[in-house]
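Peer 1: There's a structure below that I have some questions on.
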Amino acid sequence: MSLTLVIGNKNYSSWSMRPWVLLRQFGIPFNEVMLKFESAEWDEHISRLAPTRKVPTLWDGDAGAASSTPVWETIAIIEYIADRFPQFDIWPRDVAARAMARAVSAEMHAGFQALRSNMPMNIRSQHPGKGMKAGVAEDIARIEAIWRVARERFGSYTESPFLFGQFSAADAMFAPVVMRFLTYMPSLVPASTQYCEAMKIAPAIAAWITEAQQETEFVGFDEPNASPPV
Ligand SMILES: N[C@@H](CCC(=O)N[C@@H](CS)C(=O)NCC(=O)O)C(=O)O
């Protein structure tokens, strides 16, 4: 049975991006169902395709089918992918690296509210200097500390540029943060900039970016720095 991932707009949906790039980067086949925000399709199908009326939702099988298993909440989706495909190192194999990868992924899932609300993901736009509201600098400092410690303890001994060496779920969890940094361009230490540069050319992330840039829908809720097109 194949997987189906229900997602939102690639330009805006940071939560959707995480499992999508994880599956794609590991070459795990899946069908994609996109429900665009603020659309008639969303209103018509979201209750049937997403138990919490939020994206992403992963279905093991056809989306919405009684015989398929739905999995919601990004961190749970990632754990399901790891359980379902044990042949892939979705989490790092080393137990200490794995513990830290899980911890920083959980921290990302639950936290960084100031960054998430003041710098909404908007891949096709450039808003340098915008969004630096209360709490955002602290969130960015914590993210840079996470990236530095992961790279120093686990990543820098490998040829690979990712947090724990090979691409893992932790990189997928931070991919939308990288997108935000590329849009809002806060000041970063050189190691963080290098990580962002490596992430944006990882094949799955580059593919998501390309598709996001082709989208034209304007979702006002995610556009605090722009006016709707007339
Ligand atoms: N905690 C959820 C968050 C999911 C979420 O908030 N998704 C947003 C899109 S990125 C959504 O579906 N928003 C639509 C809505 O709230 O009506 C997760 O981890 O997946």
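The values are calculated or read from the model by the stated rules, or taken from the named source; none is laboratory data. As the structure is a computational prediction, the values presented were derived from the model and not from experiment. Note: ideal-geometry Cβ built from the backbone for every residue, glycine included; neighbour counts use all protein chains shown.
Peer 1: Looking for whichever is over 27 Å from E144 (Cβ atoms) and touching a residue at least 40 places away in the same chain (Cβ under 8 Å) here; the options are E223, E215. Which one fits?
Peer 2: E215
Peer 1: Go through the range 89-171 and tell me which helices (runs of 4 or more DSSP H), entirely inside it, have 3 or more residues that are surrounded by fewer than 15 Cβ atoms within 10 Å (Cβ to Cβ).
Peer 2: Answer list for the range 89-171: 95-110, 136-150.
Peer 1: What is the residue count in the range 60-74 for residues that are without any contact (Cβ under 8 Å) to a residue 60 or more places away in the chain and either of a type in the set (S, T, Y) or assigned to a helix (DSSP H, G or I) (or both)?
Peer 2: Count: 2.
Peer 1: Based on what the data block shows, is R24 touching a residue at least 24 places away in the same chain (Cβ under 8 Å) and charged (D, E, K, R)?
Peer 2: Answer is yes for this residue.
Peer 1: Can you name the condition, by its number, that N31 falls short on among (1) within 12 Å of the ligand (Cβ to nearest atom); (2) surrounded by fewer than 19 Cβ atoms within 10 Å (Cβ to Cβ); (3) part of a strand (DSSP E or B)?
Peer 2: That leaves (1) as the condition not met.
Peer 1: Of everything in the range 187-214, what is more than 20 Å from R116 (Cβ to Cβ) and not in a helix (DSSP H, G or I)? Give them in sequence order.
Peer 2: V189, I201, A202, Q214
Peer 1: Does S13 meet the test of being among the polar types (S, T, N, Q), within 14 Å of the ligand (Cβ to nearest atom) and either at pLDDT below 95 or surrounded by fewer than 17 Cβ atoms within 10 Å (Cβ to Cβ) (or both)?
Peer 2: no
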